[in-house]
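Structure record follows, encoded as structure tokens.
Throughout, read-outs are computed from the coordinates displayed, never taken from laboratory work. For clarity, every value in this text was computed on a predicted model and none was experimentally measured. Cβ placement follows ideal geometry from the backbone for every residue including glycine, while neighbour counts extend to all protein chains displayed.
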Amino acid sequence: MYLSSLFLCAALQVSSTISLQESFDKLSPVSSGIIDQLSALPGQDAPIKVTASVYIPSQGRLVCGREDGSIILVPATQTAIVQLLQGEHMLRRGWPPHRTLRGHRNKVTCVLYPHQISPRYDQRSLVSGGVDFSVIVWDIFTGEMKHIFCVHGGEITQLIVPPENCSTRVQHCVCSVASDHSVGLLSLRERKCIMLASRHLFPIQVIKWRPADDYLVVGCSDGSVYVWQMDTGALDRCVMGITAIEILSACDELAPATVDALSHSAVNLKQAMTRRSLAALKNMATHKLQTLATNLLAADNADKDQLFHEKSNWEKIQQRREHALRLQAEELFRVLSNVTLLDS
């Protein structure tokens, strides 16, 4: 029976094939996006595509960047409810209040709300990057354009928040990556680019940080790794092969802040002076001062303990001496008592 079923299946010819994507494309009506009703243009069936988005739970907002360069801010929950239900909203009536930000000349590629990642950023700042090579800082509450950074020569592909333990100046920056193989540190407080790394020959694949040594590490698609000093903007080194892999792996190591980051054999005082790394020298000086203070405190505690033990030993010796004198006095008193009895 089993063999006959196999023969029967082998004899059947495939009449048609269809993929799951084709089945979805044939659905009528086509499944809609969350802001399609706000994106429909007169005379066009297809709405403007959403190319970047970020959800802000603390404000209950959804930020959507679109391919025409505009950014839509909508209340997320209300928009989802209206989109799922059918009624007046299909004619764009009854929609929750929303705001449209216009500043990019072409497609928005990435949107970042830094305060959501770290509270050190202003909660009013919203950052967006686009195909027009620009990074724009917005006031999310008023919709005002606060500043435009035009330092890259290609479309913005990533916006990254630096780690918490970077220098104070870098902590108020946003790291931008562009398709022209450049990386920038854009200060939201100073409203200027404090570092632009643009010597990479191949597309950038990974960005890593070495805050204790003031290093920004860039990994490229050809396997090369560039190490940049964030304080000075100077290229420290460019390596490949096993050394590049080791450097990227070292950036993933989680070391506590109290550990001396300069104790590694690859970073010492001579190299810090040669590279003019101010952060490395500051970290080394801070560590030496902390070590000296720790040693002084330990020595002071040891002296106190020794004095305490010596005082305790002295008290014990005194007690023993007093006890011996008391015994001698008692013995002398008995002897004198016996002499007195004999005389009488």
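Highest mean first, the peptides 97-103, 203-209 sorted by other C-beta atoms within 10 Å per residue fall in the order 203-209, 97-103. If the segment from N165 to F24 were pulled out straight at 0.36 nm per residue, it would be longer than the present Cα-Cα gap by 46.0 nm. In terms of the Cα gyration tensor, with a ≥ b ≥ c the square roots of its eigenvalues, is region 138-182 rounded because a/c is under 1.5, prolate because a/b exceeds b/c, or oblate? It is oblate, given that a/c is not under 1.5 and a/b is not larger than b/c. Were the residues from H147 through K192 laid out at 0.36 nm apart, the gain over their Cα-Cα distance would be 15.3 nm. Using θ = phi - 60° in the Karplus curve 6.51 cos²θ - 1.76 cosθ + 1.60, the 3J(HN,Hα) couplings for region 229-244 round to 8, 6, 6, 9, x, 8, 7, 7, 6, 10, 10, 9, x, 5, 5, 4 Hz; x is entered for Gly and Pro. Site pair A250 and S58 shows an inter-label distance of 3.5 nm when each label is modelled 7 Å from Cα along Cα→Cβ.
Couplings for region 138-148, taken from phi via the Karplus curve 6.51 cos²θ - 1.76 cosθ + 1.60 with θ = phi - 60°, read 10, 8, 5, 8, 9, x, 6, 7, 8, 6, 10 Hz in order; Gly and Pro are left as x.
Between D222 and V14, what is 0.36 nm times their sequence separation minus the Cα-Cα distance? Round to one decimal in nm. Don't skip to the answer; put the middle values down first.
Details: separation 208, 0.36 × 208 = 74.88 nm, distance 4.49 nm.
Between D222 and V14, full extension yields 70.4 nm more.
Around the amide H of A52, modelled in the peptide plane, lie the amide H atoms of G65, all under 5 Å away and 5 or more residues distant in sequence or on another chain.
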